[in-house]
């Protein structure tokens, strides 16, 4: 069996390279996976690429199969779909998702992979990690029938949250973004769109995912009394200033964080990481979620693609990476 592999590494902030890897044979309880696709999570991964992970967060921000340390050299990523080439009989030949970086083949414990349902194309399954984040956010947010909700920030995470909320009955729901082009994405997801200036106020719940100070400020402005902002943005090493001295206290507003590293305590008792990931993959049976993949490049192009994504030259929600010939 072919045990040669190639991996994308951040050599130093702003500079990536592809390195050759020789894999060890999988042992008992392990699988060897050949990658079909990986995905670049443009928000978090570009902050990592630019070396903007604060020192205080170096441990908390480690990806499950990260090698190296911030700011670099480091192998980082967590959206990977492949085929099991070696492993237990029940997994051999199956398409699986794993929270693994950009690498053509890899060996991990069998428990680290989740089987992709047959009704979910491998090309779409790269979104599983992002949809998992959205699932956890909605467990934290606890939307109710009839709620007035805005999702501020039409990036990969915000659009995933909006796509799941679109399935709830009786909501007034808007996706809010300052890029008018996101209106097309919102339409594909079955969600109303508004610019920040035109967004409807009086919201019971706002999910914020723009990773901007202006977006979080606007989220607070959109709330009704007793409303809640669920904050999904990660700002890296940036500080954020908020207008908490105006009507924040008199209107009894709430800002709460949500992060996928911990299963929401609002989830049903007994639900852990594996159940949450399986749910995310099941939700990806919806073809509307294809709208979240807005570009694709070959694996060998990653050293050139990542700087362009980080600089905004390649506008993207999820940028998919294809691995071509499996040989």
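Inside segment 264-299, residues that are out of contact with any strand residue (DSSP E or B) (no Cβ under 9 Å at 6 or more places or on another chain) and either without any contact (Cβ under 8 Å) to a residue 24 or more places away in the chain or within 30 Å of residue 314 (Cα to Cα) (or both) make up a count of 18. Considering every residue within segment 309-318, establish whether at least one is touching a strand residue (DSSP E or B) at 6+ places or on another chain (Cβ under 6 Å), in the same structural domain as residue 183 (by TED's automatic domain parsing) and crowded, with 17+ Cβ neighbours inside 10 Å. No: segment 309-318 contains no residue that is touching a strand residue (DSSP E or B) at 6+ places or on another chain (Cβ under 6 Å), in the same structural domain as residue 183 (by TED's automatic domain parsing) and crowded, with 17+ Cβ neighbours inside 10 Å. All told, residue 54 falls short of being closer than 25 Å to residue 113 by Cα, surrounded by fewer than 23 Cβ atoms within 10 Å (Cβ to Cβ) and out of contact with any strand residue (DSSP E or B) (no Cβ under 9 Å at 6 or more places or on another chain).
All of (1) in a helix (DSSP H, G or I); (2) free of Cβ contacts under 8 Å to residues at least 40 places away in the same chain hold for residue 247 with one exception: (1). Quick test for you: out of 192, 204, pick the one residue that is touching a strand residue (DSSP E or B) at 6+ places or on another chain (Cβ under 7 Å), free of Cβ contacts under 8 Å to residues at least 24 places away in the same chain and within 20 Å of residue 146 (Cα to Cα). After ruling out the rest, the residue left standing is 192.
Against the condition within 30 Å of residue 239 (Cβ to Cβ) and assigned by TED's automatic domain parsing to the domain that holds residue 243, how does residue 140 come out, does it pass?
Yes.
Can you confirm whether segment 225-235 contains a residue that is modelled with pLDDT under 95 and either surrounded by fewer than 15 Cβ atoms within 10 Å (Cβ to Cβ) or part of a strand (DSSP E or B) (or both)? So far as segment 225-235 goes, no, none of its residues is modelled with pLDDT under 95 and either surrounded by fewer than 15 Cβ atoms within 10 Å (Cβ to Cβ) or part of a strand (DSSP E or B) (or both).
Of the strands (runs of 3 or more DSSP E) lying entirely inside segment 84-167, those containing at least 1 residues that are touching a helix residue (DSSP H, G or I) at 6+ places or on another chain (Cβ under 7 Å) and closer than 13 Å to residue 36 by Cβ are 95-98. The sole residue among 293, 263 that is surrounded by 13 or more Cβ atoms within 10 Å (Cβ to Cβ) and at pLDDT 90 or above is 293.
The values are calculated or read from the model by the stated rules, or taken from the named source; none is laboratory data. Since we're looking at a predicted model, the values are computed, not measured. FYI the Cβ positions are ideal-geometry reconstructions off the backbone, even for glycines, and counts take in every protein chain you see.
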